[in-house]
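Take a look at the structure below.
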Amino acid sequence: MSIAAWGPTSSATVYGLTSANRPTTDIDGGPLGCDPALLRTGIVTTPQTISDTSLIPILSGSKWGTAQAATPVTLTYSFYESGGPAVAAAGVTPAPLDIAFRDAIRSALVSIADVANISFVEITESATGGATGAPGASGALVGHLRFIDDARLDSDPNTASYAIGPSATALSSGLVAFDSDRVIAASGGGYATILREIGRALGLTYSFEPSDAPAPYRGPTSENGVWSTEWTMMSATMPVSRLPAGAVFNPVGPMLADIQVLQSWYGANLNTRTGNDTYRIDGPLLTRALWDAGGTDTLDASASTTGVNFNLAVNTVNYGYNVAWNTLFENAIGSVGNDTIFGTNEGPRIGPDGVWFDHNGNNRIDGGPGDDHISAGSGDDTLIGGTGRNWLHGGLGNDTAVYDAASTDAYAYTVQGTLILSIPKLGISDTLVDIEQLSFTDRSFAAADATSILLPPSANPNPPSSPIPPSLTPPPSPVPAIDPARRLYVTRGGASTEVAMDSYSGPVTWLRNMHIGQNDSEAMQGTEHADFINTLGGDDAVNGGGGDDVLDGGLGSNYLIGGSGSDTFFVDGRDGGITWSTVTDLEPGEWVTAWGWKEGTSKLTWAEMAGAEGAKGATAHIDLDNNGSIDMSMTIAGKSSGAVLVTPGEVNGSSYLAFTLK
């Protein structure tokens, strides 16, 4: 399904006035509808406690139905008509909503029924037809959720909508009101408001109330200490730091927090997309969490022109899509850009039906074109890097790297124990870690045998012979000028010199030149080609120039400027000493790698807009051994921490923490 099909257009459990197979009873077991003059006694209760602190801000003390968790309910809903039953709320001036607004409400109900086991049945309000035997009964009938246009809001500049949650003590329980002149149902913001108010009528609360638990200052669930719309539809705060300039983020369905609470209360809709579905990210961001009840499912960003960050783990906030609790995605396809994709791990998991099962953790991950970073997790995974310079980490299990080429087009070698596989005709150069099998179009074999099977091409095995005649003596060689392709400009102690860089020798296949500096303060300007430059000690500044460079400032206070190309920046704390490097021009798809990180021991602390004047930005302070002392710092100029994705990793026993832009 395409991005437009993520959102349901109909639901088998949302019934219009003329729908077939309409239920004839509702939440109280009696005929459809309720008397607006009677309290909702017996159908509203206090829900079971949910301890997750990130969900507390949207929890109220009441829900529809019984206290038993995950219990389905059937609720009626209605629209006020002129002259209809009175609205039991002081000061309300009810008026009918127009047809378009009503359709938007029905659509919002469908999106909620898509994830939760709630049936919504529309009824027509009437002044008669209801039971009159109960004390105080009026005989009128309205829905448990009642939608009105409250004309009183026209004169209230601070309130454009409101809703009353489930209550056994308020006659206005379930009332949902709008100022339709300000809440434009057809707009993104208007539709988000409709969702938020329906959520309130179902028992959720607004996430911006003063008594709410504080949110993290910045992160995937919050923005400046406020829970964001990327986490819950009950928020009105967009994740601005995670959005492109000028973009908006208005929910069009329940988000992660909402789904978890609604399913905890009312159960999950286990009939939602149970086949093998492909969710294509081929258009604007769709602000809806993904709920899929079964099948072997795929996230597909192949039509996206920019790199994506995928994490197939459940209840995960990702840019552009979010995977709901207990939803399993087995496969992923990357974009034409530089992608970062994380798979799932095997082990006990809770399925969409709430039952534990043994998940095999098997993923098929295709990075597509671009320089991709794929970490498949545990399980028997299939990894496809596609064209480009890719990092393929299989993790635990029996993992296979797949190539759409014959093995005769490939060659392999190792660098410090790490397998490098190249297919020059396709522009592929992959670093393979924890990969057990290699599969080509003509054959498959163990990755451990790659270097003996995929031999590098010989470099001119039979060069022509041109001996020097014995009677002649070669003339003295002239002093060569420095090849511009290797020329490095170095300023040290006020004096500028030109240095010929060495040819690169190391594990990174695309690098051409290399230079190791001195333990002095130096300024360096690289070539238009791919350079590796390590300035060692001192307070240094290095500009990589053109090409895809790798820059390491070493110890001291350093400025790292990648220049054009796709660059990589190193900060290294493994050998002791203090270092603070400022990356001035980190671009999407580029990485900063902090070496020496010990997962579970090291501590990362963010400081916003820190660093040197003129180059301030998100600053990572890293305490490698968790002794309270900062060992290395890294500033990404002009960026906030919320714009940075952080992921740990390890290569040949050397652990790191990697940073890239979201």
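The values are calculated or read from the model by the stated rules, or taken from the named source; none is laboratory data. Computed from a predicted structure; not experimentally measured. Note that we place each Cβ from the backbone using ideal geometry, even for glycine, and neighbour counts take in every protein chain shown.
Against the definition (closer than 29 Å to residue 126 by Cα, among the polar types (S, T, N, Q) and in a strand (DSSP E or B)), how does residue 76 come out, yes or no?
Values: closer than 29 Å to residue 126 by Cα: yes; among the polar types (S, T, N, Q): yes; in a strand (DSSP E or B): yes.
Yes, satisfied.
Counting only residues that are under 16 Å from the mean Cα position of the chain (by Cα) and crowded, with 17+ Cβ neighbours inside 10 Å, how many does segment 255-284 have?
Count: 6.
Matching residues to (1) touching a Gly at 6+ places or on another chain (Cβ under 8 Å); (2) farther than 22 Å from residue 308 by Cβ:
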{"residue": "226", "(1), (2)": "no, yes"}
{"residue": "229", "(1), (2)": "no, no"}
{"residue": "233", "(1), (2)": "yes, yes"}
{"residue": "240", "(1), (2)": "no, no"}
{"residue": "248", "(1), (2)": "yes, no"}
{"residue": "251", "(1), (2)": "no, no"}
{"residue": "266", "(1), (2)": "yes, yes"}
{"residue": "273", "(1), (2)": "yes, no"}
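This table checks each residue for (1) closer than 30 Å to residue 322 by Cβ; (2) charged (D, E, K, R); (3) free of Cβ contacts under 8 Å to residues at least 24 places away in the same chain.
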position	(1), (2), (3)
8	yes, no, no
29	no, no, yes
47	yes, no, no
59	yes, no, no
63	yes, yes, no
68	yes, no, yes
88	no, no, no
92	no, no, no
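Go through segment 119-147 and report how many residues are crowded, with 23+ Cβ neighbours inside 10 Å, β-branched (Val, Ile, Thr) and in contact with a Leu (Cβ under 9 Å, 6 or more places away or on another chain).
Selection size over segment 119-147: 1.
Just give me the residues in segment 484-509 being crowded, with 18+ Cβ neighbours inside 10 Å and aromatic (Phe, Trp, Tyr), in sequence order.
Answer for segment 484-509, where residues must be crowded, with 18+ Cβ neighbours inside 10 Å and aromatic (Phe, Trp, Tyr): just 504.
Between 128, 132, 76, which is closer than 16 Å to residue 13 by Cα and of a type in the set (Ser, Thr, Tyr)? Break it down stepwise before answering.
Values: 128 fails: closer than 16 Å to residue 13 by Cα; 132 fails: closer than 16 Å to residue 13 by Cα.
Checking each option against the conditions leaves just 76.
Test residue 646 against the criterion of being surrounded by 19 or more Cβ atoms within 10 Å (Cβ to Cβ), β-branched (Val, Ile, Thr) and within 20 Å of the chain's Cα centre (by Cα), and give yes or no.
Numbers: surrounded by 19 or more Cβ atoms within 10 Å (Cβ to Cβ): no; β-branched (Val, Ile, Thr): yes; within 20 Å of the chain's Cα centre (by Cα): yes.
Here the answer is no, as residue 646 does not meet what is asked.
Having 1 or more residues that are at pLDDT below 90 is the bar; report the strands (runs of 3 or more DSSP E) wholly within segment 541-587 that clear it.
Working: elements: 541-543, 550-552, 556-561, 568-572, 579-583.
In segment 541-587, the matching strands (runs of 3 or more DSSP E) lie at 541-543, 556-561, 568-572, 579-583.
Just checking, which of 100, 90, 95 is surrounded by 13 or more Cβ atoms within 10 Å (Cβ to Cβ) and at negative phi? Explain how you work it out, then say what you get.
On the way: 100 fails: surrounded by 13 or more Cβ atoms within 10 Å (Cβ to Cβ); 90 fails: surrounded by 13 or more Cβ atoms within 10 Å (Cβ to Cβ).
The conditions single out 95.
Return a yes/no flag: does segment 35-56 have any residue that is modelled with pLDDT under 95, in contact with a helix residue (DSSP H, G or I) (Cβ under 8 Å, 6 or more places away or on another chain) and among the hydroxyl-bearing types (Ser, Thr, Tyr).
Checking segment 35-56: at least one residue is modelled with pLDDT under 95, in contact with a helix residue (DSSP H, G or I) (Cβ under 8 Å, 6 or more places away or on another chain) and among the hydroxyl-bearing types (Ser, Thr, Tyr).
Search segment 355-374 for residues being at pLDDT 85 or above and among the polar types (S, T, N, Q), and hand back the single one that is nearest to residue 392 (Cα to Cα). Don't jump to the end; show me each part of the working.
Here is the first cut: in segment 355-374, the residues at pLDDT 85 or above are 362-374.
Checking which are among the polar types (S, T, N, Q) leaves us with 362-363.
Numbers: 362: 15, 363: 13 Å.
Per the stated criteria, the residue is 363.
Yes or no, residue by residue, for (1) farther than 26 Å from residue 65 by Cβ; (2) modelled with pLDDT under 90:
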{"site": "186", "(1), (2)": "yes, yes"}
{"site": "190", "(1), (2)": "yes, no"}
{"site": "194", "(1), (2)": "no, no"}
{"site": "199", "(1), (2)": "no, no"}
{"site": "204", "(1), (2)": "no, no"}
{"site": "209", "(1), (2)": "no, yes"}
{"site": "217", "(1), (2)": "yes, yes"}
{"site": "224", "(1), (2)": "yes, yes"}
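Exactly one of these conditions fails for residue 624: (1) under 26 Å from the mean Cα position of the chain (by Cα); (2) crowded, with 21+ Cβ neighbours inside 10 Å; (3) aliphatic (A, V, I, L, M). Give me its number.
Just one mismatch for residue 624, condition (1).
Mind listing just one residue for me: the one in segment 159-186 that is touching a residue at least 60 places away in the same chain (Cβ under 8 Å) and surrounded by fewer than 16 Cβ atoms within 10 Å (Cβ to Cβ) and, of those, nearest to residue 113 (Cα to Cα)?
By that ranking, first place goes to 186.
Can you tell me which of (1) in contact (Cβ under 8 Å) with a residue 24 or more places away in the chain; (2) crowded, with 18+ Cβ neighbours inside 10 Å; (3) not aromatic (Phe, Trp, Tyr) is the one residue 518 doesn't meet?
Going through the list (1) in contact (Cβ under 8 Å) with a residue 24 or more places away in the chain; (2) crowded, with 18+ Cβ neighbours inside 10 Å; (3) not aromatic (Phe, Trp, Tyr), residue 518 breaks only (2).
Picking from 601, 605, which residue would you name as being modelled with pLDDT of 90 or more, surrounded by fewer than 24 Cβ atoms within 10 Å (Cβ to Cβ), of a type outside the set (Gly, Ala, Ser) and not in a strand (DSSP E or B)? Spell out the reasoning first.
Details: 605 fails: not in a strand (DSSP E or B).
From the options 601, 605, the qualifying one is 601.
Quick check on my filter: what residues within segment 68-86 are crowded, with 20+ Cβ neighbours inside 10 Å and either acidic (Asp, Glu) or touching a strand residue (DSSP E or B) at 6+ places or on another chain (Cβ under 7 Å) (or both)?
The initial filter retains those residues of segment 68-86 that are crowded, with 20+ Cβ neighbours inside 10 Å, namely 73-80, 84-85.
Scanning segment 68-86 gives 73, 74, 75, 76, 77, 78, 79, 80, 85.
Show me the strands (runs of 3 or more DSSP E) found entirely inside segment 237-313 where at least 1 residues are acidic (Asp, Glu).
Numbers: elements: 278-280, 298-300, 309-311.
In segment 237-313, 298-300 are the strands (runs of 3 or more DSSP E) which contain 1 or more residues that are acidic (Asp, Glu).
For segment 325-354: of the residues being under 23 Å from residue 644 (Cβ atoms), assigned to a loop (DSSP other than H, G, I, E, B) and not acidic (Asp, Glu), which is modelled with the highest pLDDT?
The extreme case among them is 334.
From the list 57, 47, 36, exactly one residue is touching a strand residue (DSSP E or B) at 6+ places or on another chain (Cβ under 6 Å) and outside any loop (DSSP other than H, G, I, E, B). Which is it?
Working: 47 fails: outside any loop (DSSP other than H, G, I, E, B); 36 fails: outside any loop (DSSP other than H, G, I, E, B).
Criteria check complete, one pass: 57.
Taking into account only those residues within segment 610-662 that are of a type in the set (Ser, Thr, Tyr) and part of a loop (DSSP other than H, G, I, E, B), which is modelled with the highest pLDDT? Walk me through it before giving the result.
So in segment 610-662, the residues of a type in the set (Ser, Thr, Tyr) come out as 619, 629, 633, 635, 640-641, 647, 654-656, 660.
Next, from what is left, pick out any that are part of a loop (DSSP other than H, G, I, E, B): 629, 640.
Values: 629: 82, 640: 90.
So the residue we want is 640.
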